[in-house]
Amino acid sequence: MIRNHFKIAWRNLLHQKLYSLITIGSLTIAITAVLLIMMWIQNELRFDAYQPNADRTFLVTNQEQTDITQSTLWEHSPYPLAATMTRQFPEVELVAQMARSQPNEVNLQVSDRIFTQDYVAYVDDNWFKLFQYEVLEGTLAMFSAHPHSLILTESKAKTLFGLTQVAGHRVRIDSTDYLVKAVIKDNPVNSSFQFEVILPLVSTLNTQLKRDEANNWLYPTHRTFVRLQPHTNVALTARKITQLYEAHRDKKNLTAGLLPVQELHFQNGFKVSAFAHGDRTTVTIFILLATLLLLTACINYVNLSVARTSVRSKEIGVRKIVGASRVQLFWQIIAECILTSGLALGLAQVLVSASLPAFNQFVDRTFSFNPMEWHTAGLLLGCWVAMLLLISVYPALLLSSINPLHLFRGSVFFRVKSSSFRQVLTTSQFGLAVVMILGTIGIYRQLWFMQTQHKGYDRRQLFTVQVPREQVTISSFDESKAYHQRLESRLQLLKQDLQAQSPIKEVVRMNMTSVVDNGYTTSGGIDWDGRPANFQPAYISYAADEDLNKVMPFDFSEGRWFDPQLRSDQDNVVLNETAVKQFGLTSPVVGKRFNQGKIIGVVRDFYHQNLHEKIAPVIIRTNLPNQASFLIETRSGQVSEALETTLASFRKQFPHESLIYTFTDQEFDKLYRDDQKALKFTLWFCGLSILIACMGLLAMMTFAIEQRQKEIGVRKVLGASVRSIVMLLSNDFLRQMAIAIVLASPIAMYCLNRWLERFAYRITPEWWMVVLAGLLATSVALLTISVQSVKAATTNPVKTLRRE
């Protein structure tokens with residue numbers, strides 16, 4: 001019997017080629033997109049879950065109270081915390097610490113080639129006991145025994161040496177040779193610990209001065225991870241850590257917390273983080289989008305199944321006359337759904353495998369698609385079961401319960417008009433398309449708004465050069481002073497040399513690595529007349545020389561810029577409007593004492609980071625020492641020449657260091673990379689949902705024309721024009737489109753407003769967006785149905801009426 005059901009189902013698919021192509025095609029497209037997105041979602045939700053005892057592993061976090069109203073969350077903890085917890089906390093099973101280098105701080109030299117490493121991790125003896133790594137070559141046993149040990153990932157070893165069997169090879173970092181002790185497999189894509197180069201933590205404590213600084217409880221400097229004994233009271237342990245802070249620190253402003261390592265990926269509140277973080281809201285949005293896309297394809301199938309009810313009435317009537325029961329008819333329809341969905345699932349797996357490289361590049365991950373893996377198999381099974389339930393239950397119940405006599409009365413299951421049900425489904429389908437179109441318009445407008453707010457300078461003519469920190473051994477304060485004096489002299493000579501180059505228009509020395517993404521706040525170290533004793537607000541320090549205003553012309557609400565001829569301006573400051581408000585400064589602001597100087601100007605607020613964050617108080621100064629970054633503005637059309645001359649000037653002063661430069665427009669693109677990806681994701685979803693809806697609409701129009709062929713022929717014989725017949729065939733669908741626009745627009749506006757809440761500065765959705773979305777959806781629908789309706793209207797009526 002089962003074999004017979006599937007044989008009949010296969011014959012029906014072959015007999016109805018157009019409908020089979022549309023239903024299988026729309027389901028295949030939807031499943032492919034859903035599988036790719038669910039792979040990404042599954043990866044996000046399973047971050048760090050593979051680690052052993054992940055449920056008992058925590059990161060020690062610290063909430064720093066900067067003043068009465070403001071606090072900052074840090075990943076860092078004081079270095080002595082690990083040893084103290086090991087000694088005094090019996091509930092602690094294992095503690096490990098790590099530190100991370102500054103960006104582009106470490107240069108790796110192999111033979112005569114130099115590689116600048118973006119970040120390097122420094123870990124202690126317990127790191128590899130706490131976290132799981134797969135060793136491909138070498139051993140981890142003696143890693144921490146020697147401060148000049150080195151561990152590379154498989155991919156990094158290939159980059160440096162061209163092969164992975166490199167244990168025992170040497171890598172020079174600055175003037176020191178490090179020995180490769182082991183090569184480890186690249187961490188999974190769902191790991192927070194994506195460090196390609198790992199060094200012993202002891203190598204950062206190579207002088208007495210650094211050891212003294214590290215053993216000070218005052219400064220949180222390291223990330224501390226702890227594994228607790230089973231059934232430990234986590235909140236109580238966190239309170240005990242806070243009590244340690246209170247006992248060893250003069251400041252009572254640190255409150256400890258324990259963040260489960262499995263939640264580290266979605267914790268976005270850290271001021272500075274060594275790990276890549278995700279967004280739980282984004283995951284929720286894409287789960288919803290994937291569900292809607294699959295639902296759209298399933299609506300196509302159900303819609304066509306219901307529409308073809310009357311076509312199959314003869315088949316159902318004959319089956320019932322010869323003794324077929326309702327159960328047999330039910331399972332026949334189920335068999336057809338299983339076959340259709342199975343074919344779609346198989347084709348989708350082929351498309352997923354083919355599109356995976358492009359998808360990996362887009363999401364910046366390295367996914368693999370193996371149906372034999374349990375989580376991939378579970379994903380396929382879950383997707384198939386969900387789809388099968390959506391497309392099979394109603395059509396099977398409907399068709400198996402039909403009384404052939406009812407078809408002549410125009411009613412079907414539960415006495416619901418079949419045409420009314422089809423209209424509801426079509427309206428719902430295009431309602432989803434309208435939501436997607438309006439959402440795409442809103443996201444595009446927000447991105448355009450963000451890209452036009454960083455005004456006052458041409459990003460295409462700017463690039464930033466960073467002077468790497470030299471790894472020198474300094475064991476006393478006098479040595480440190482002498483070194484920084486020599487460094488200052490070289491930096492001054494470098495600026496003079498750069499200013500003399502013709503392709504370069506302006507050169508600014510600064511203590512920042514970026515002018516478009518400077519969100520690092522600090523607190524303390526500032527004072528002014530009238531400041532409450534317990535008020536230490538957080539602020540952002542803009543440290544640059546007097547030439548900054550030439551590259552970034554600020555808009556002053558009052559006061560002036562720094563005058564290089566006035567020596568007193570070295571102690572003066574310029575504030576932004578937010579700083580004036582949050583510091584509680586009253587008019588007149590200009591002339592008030594600020595530290596050893598005074599406030600000489602107030603600039604209007606400008607965007608110093610992405611628009612997700614509110615503008616912070618900014619203090620602009622010119623007197624901070626060792627401003628070791630350069631913001632360079634080139635002359636129009638001479639960016640390449642300016643970069644070449646910068647490289648030449650740099651080598652004169654720093655012959656043994658590699659130049660690190662970043663173009664400002666690339667920084668800006670990186671700043672909004674996730675938002676650009678969100679737009680591209682939405683565009684793809686929008687396009688696919690419209691494509692699937694149009695496939696369904698094309699099938700419905702074809703079916704409607706088949707049902708009304710004789711009516712169309714009679715109308716043409718009686719003199720009806722092509723235009724009137726096209727309008728006759730299109731009216732019902734256009735009415736459904738109008739209803740879909742009216743119903744979907746409020747839903748789309750609500751979803752768009754919720755998404756815009758992620759931004760501190762955002763657009764306001766306007767009525768014309770609804771009109772544009774409606775026009776686009778209607779235009780696509782008209783284009784789809786006009787193909788078949790014009791074809792039907794221009795067909796010779798003799799062909800359709802010949803049988804009569």
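The values are calculated or read from the model by the stated rules, or taken from the named source; none is laboratory data. Bear in mind the structure is a predicted one, so any value in this text is a computation, not a measurement. When we count neighbours, we look across all protein chains shown, and the Cβ atoms used for this are built from the backbone with ideal geometry, even at glycine.
Provide a single number: the residues in region 550-599 that are part of a loop (DSSP other than H, G, I, E, B), basic (Lys, Arg) and more than 13 Å from Ile526 (Cβ to Cβ). Let's see the steps before the verdict.
In the first step, residues of region 550-599 are kept if they are part of a loop (DSSP other than H, G, I, E, B); the result is 552-555, 560-566, 572, 583-592, 595-596.
Those still in the list that are basic (Lys, Arg) too: 560, 592.
Those left that are additionally more than 13 Å from Ile526 (Cβ to Cβ): 560.
Going through region 550-599 one residue at a time, the tally reaches 1.
Would you say Ser428 is of a type in the set (Gly, Ala, Ser), over 28 Å from the mean Cα position of the chain (by Cα) and modelled with pLDDT of 75 or more?
yes
Can you find, within region 81-95, the residue that is surrounded by the fewest Cβ atoms within 10 Å (Cβ to Cβ) among those that are outside any helix (DSSP H, G or I) and either out of contact with any Phe, Trp or Tyr (no Cβ under 9 Å at 6 or more places or on another chain) or at pLDDT below 90 (or both)?
Result: Pro90.
Look through region 18-59, keep the residues that are aliphatic (A, V, I, L, M) and not in a helix (DSSP H, G or I), and return whichever of them is nearest to Asn303 (Cα to Cα). Talk me through it step by step, then tell me what you get.
Keep residues of region 18-59 that are aliphatic (A, V, I, L, M), which gives 18, 21-22, 24, 27, 29-31, 33-39, 41, 45, 49, 54, 59.
If we keep only those that are not in a helix (DSSP H, G or I) too, we end up with 49, 59.
Details: Ala49: 42, Leu59: 52 Å.
Out of the qualifying residues, it is Ala49.
Being modelled with pLDDT of 65 or more and either touching a helix residue (DSSP H, G or I) at 6+ places or on another chain (Cβ under 6 Å) or not in a helix (DSSP H, G or I) (or both) is the filter here; which residues of region 791-804 pass it?
Ala792, Ala793, Thr794, Thr795, Asn796, Pro797
Let's see how each residue does on (1) of a type outside the set (A, V, I, L, M, F, W, C); (2) assigned to a strand (DSSP E or B); (3) closer than 14 Å to Ile184 by Cβ:
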residue	(1), (2), (3)
Asn104	yes, no, no
Asn107	yes, yes, no
Tyr122	yes, yes, no
Lys129	yes, no, no
Glu137	yes, yes, yes
Ala141	no, no, yes
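For region 357-378, which residues satisfy the criterion of being out of contact with any helix residue (DSSP H, G or I) (no Cβ under 8 Å at 6 or more places or on another chain), surrounded by 11 or more Cβ atoms within 10 Å (Cβ to Cβ) and among the aliphatic types (A, V, I, L, M)?
Scanning region 357-378 gives a single hit, Ala377.
Show the residue pairs that are 6+ apart or on different chains and have beta-carbon atoms under 6 Å apart, the first residue being within region 637-650 and within 13 Å of Gln499 (Cα to Cα), the second being among the small types (Gly, Ala, Ser) and at pLDDT below 90.
none
Within region 427-454, how many residues turn out to be in a loop (DSSP other than H, G, I, E, B) and touching a residue at least 24 places away in the same chain (Cβ under 8 Å)?
Of the residues in that region, 2 qualify.
Here's the yes/no breakdown for (1) modelled with pLDDT under 80; (2) touching a Pro at 6+ places or on another chain (Cβ under 7 Å); (3) not assigned by TED's automatic domain parsing to the domain that holds Ala740:
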position	(1), (2), (3)
Pro655	yes, no, yes
Tyr661	no, no, yes
Met695	yes, no, no
Met700	yes, no, no
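Within the bounds of region 399-411, is there any residue that is part of a helix (DSSP H, G or I), surrounded by 20 or more Cβ atoms within 10 Å (Cβ to Cβ) and modelled with pLDDT under 80?
Scanning region 399-411 turns up at least one residue that is part of a helix (DSSP H, G or I), surrounded by 20 or more Cβ atoms within 10 Å (Cβ to Cβ) and modelled with pLDDT under 80.
Would you pick out the residues in region 635-677 that are of a type outside the set (Phe, Trp, Tyr) and outside any helix (DSSP H, G or I)? Before you say what the answer is, go through the steps one by one.
Keep residues of region 635-677 that are of a type outside the set (Phe, Trp, Tyr), which gives 635-649, 651-653, 655-660, 662, 664-667, 669-671, 673-677.
Across region 635-677, the qualifying residues are Arg635, Ser636, Gly637, Gln638, Pro655, His656, Glu657, Ser658, Leu659, Ile660, Thr662.
Please list, ordered by first then second residue, the pairs with beta carbon atoms under 7 Å, 6 or more apart or interchain, first in region 133-157 and in the same structural domain as Gln194 (by TED's automatic domain parsing) and more than 14 Å from Ala167 (Cβ to Cβ), second of a type in the set (Lys, Arg) and outside any strand (DSSP E or B).
So the pair list comes out as Glu134/Lys185.
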